[in-house]
1. Test Q135 against the criterion of being on the phi < 0 side of the Ramachandran plot, free of Cβ contacts under 8 Å to residues at least 40 places away in the same chain and not assigned by TED's automatic domain parsing to the domain that holds I187, and give yes or no.
2. Could you list, in sequence order, all residues of the range 378-414 that are of a type in the set (D, E, K, R) and in contact with a Phe, Trp or Tyr (Cβ under 9 Å, 6 or more places away or on another chain)?
3. When you look at S314, is it assigned by TED's automatic domain parsing to the domain that holds G184, surrounded by fewer than 19 Cβ atoms within 10 Å (Cβ to Cβ) and touching a residue at least 60 places away in the same chain (Cβ under 8 Å), yes or no?
4. Quick check on my filter: what residues within the range 211-248 are of a type outside the set (K, R), modelled with pLDDT of 90 or more, farther than 23 Å from V154 by Cβ and touching a Leu at 6+ places or on another chain (Cβ under 9 Å)?
5. When you scan the range 299-379 for helices (runs of 4 or more DSSP H) that lie fully inside it, which ones turn up with 3 or more residues that are at pLDDT below 90 and more than 30 Å from T421 (Cα to Cα)?
6. Can you tell me which residue within the range 234-250, out of those that are of a type in the set (G, A, S) and under 15 Å from the mean Cα position of the chain (by Cα), is surrounded by the most Cβ atoms within 10 Å (Cβ to Cβ)?
7. For the range 346-381, enumerate the residues that are over 12 Å from M395 (Cβ atoms), among the basic types (K, R) and more than 34 Å from the chain's Cα centre (by Cα).
8. Take the residues in the range 92-127 that are of a type in the set (V, I, T) and over 19 Å from the mean Cα position of the chain (by Cα); name whichever of them is nearest to E261 (Cα to Cα).
Amino acid sequence: MSTAQLVKLLAPVMKLDDLGIPTGLVQDIIFRLLFNEGDVNIARFSEVMGIHASLVDELLARMKQEHLVEVVRAGGLGSLSFTYGLTDAGTKRARDAFERSQYVGRAPISLDKYNQGIMLQAKREQRVTPTQVKQALGFLILPETFHRRIGPAVNAGTSLFLYGPPGNGKTTIAQAIARLIAHGSPIWLPDAITVGGQIIRVFDPLVHTPVTNETMMLHTGMLMNGRTEKFKYDQRWRLFERPAVMVGGELTMDSLNLRYEPIAKVYEAPLQLKANGGMFLIDDFGRQQISPQELLNRWIVPLESGIDFLRLQSGQSLEVPFRQLIVFSTNLDPMQLVDGAFLRRIQMKVEVGGPSEKLFYQIFTESCKSFNMPFDKKSFVHLLQKWYRGPNRVMQAVHPRDIVKTVIAICNYDNTTPALTPELIDEACECYFVDGNMAATLSDQMREGAGASEK
């Protein structure tokens, strides 16, 4: 990332012509704010809109000349201390402004500026190190070299495919990656962008977390290259943790396209746009409301080119960056979900398999420790022999936690101190596992019942 270029992009705007957006759009926000709040002083305008007070003063002076606003209260510090209200003509213009949009907030930036900002920040200066990845995954018990499969994908910042049987931590691993990315270098983002006279809302409080004051001071200090003066920037931009968007079966095609809100009369940015500069996790891939093939057709070009194309209701096409770590997580066979052309466009594929007996032992002992229950090796060996080796059951990383919790539940029911015994292990496993023969029997009974009802 070019620090000099970013500082230039974020520089405070001191001329109306340098805002890069139509003046009428800014005036509409002024009208709507005045209509909503009544009398408003210049400091409040500047705070809400993220525009320097001198520019707000200039705009209000123009509107006063047109008899759209009036000074309702004057302070002793010149025009910057004035409080304004709407005239009758201004009230009519405010209603017209609401017909165009309901948006009140930070003035948007242009699409071109947004694209520049994302491209400048897409490649982070500080890459993750093996130590950082190990620490991020440290609460999980994984193969010793597993971090080497994850770290390169995070640094590449393109795409990652996590696959394997359920219950082995794919989602948890993806969430750990999200935290790792979020706690890296922060990112400057606008609340909204504008193109074709329309406003596209980018900021989402569920996705975008403003950084702390300490992080702000540290980051802006780095941008100032050690200089002691306060960092001044265009207040339409804000500093956030790297975003993480996580979706599961609820994902629809509409959420990947610009969505027009007819009441607010603004566009809501699609999920991948909100995730720019961060991570986008599609959990349980293959179980969405859209088919894998539909997602393939929608994203095959963005995955390869790093550019996405969106469309306004007017038909105008927008070119925006597609710059986030895309993570697909699935329990299904990848080759049955998508074709080879799609998989080739996903840079890293990582299988998250079941644990070995050695790792299973470590997970089990840690589960006992976390629930304050003494570990008993004899009971653990009994568990292995009877419930795994005997029936040739595949081990899953989630099993120890669930079995320990079930043992504790049984002990609590009996009002006894939680403890591991072969008997309690058997009782817990009988409650937890579904025997294959029994499952087959139930399935046969259901089919027979369905056949009888048809007759």
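The values are calculated or read from the model by the stated rules, or taken from the named source; none is laboratory data. Keep in mind the model is a prediction, meaning the values are calculated, not measured. Cβ sites come from the backbone with ideal geometry, for glycine too, and all protein chains shown count toward neighbours.
1. No, not satisfied.
2. Passing the criteria: R393, R401, D402, K405.
3. Answer is yes for this residue.
4. Scanning the range 211-248 gives Y233, D234, W237.
5. In the range 299-379, the matching helices (runs of 4 or more DSSP H) lie at 334-337, 340-344.
6. By that ranking, first place goes to A244.
7. K377, K378
8. Among them, the one singled out is V104.
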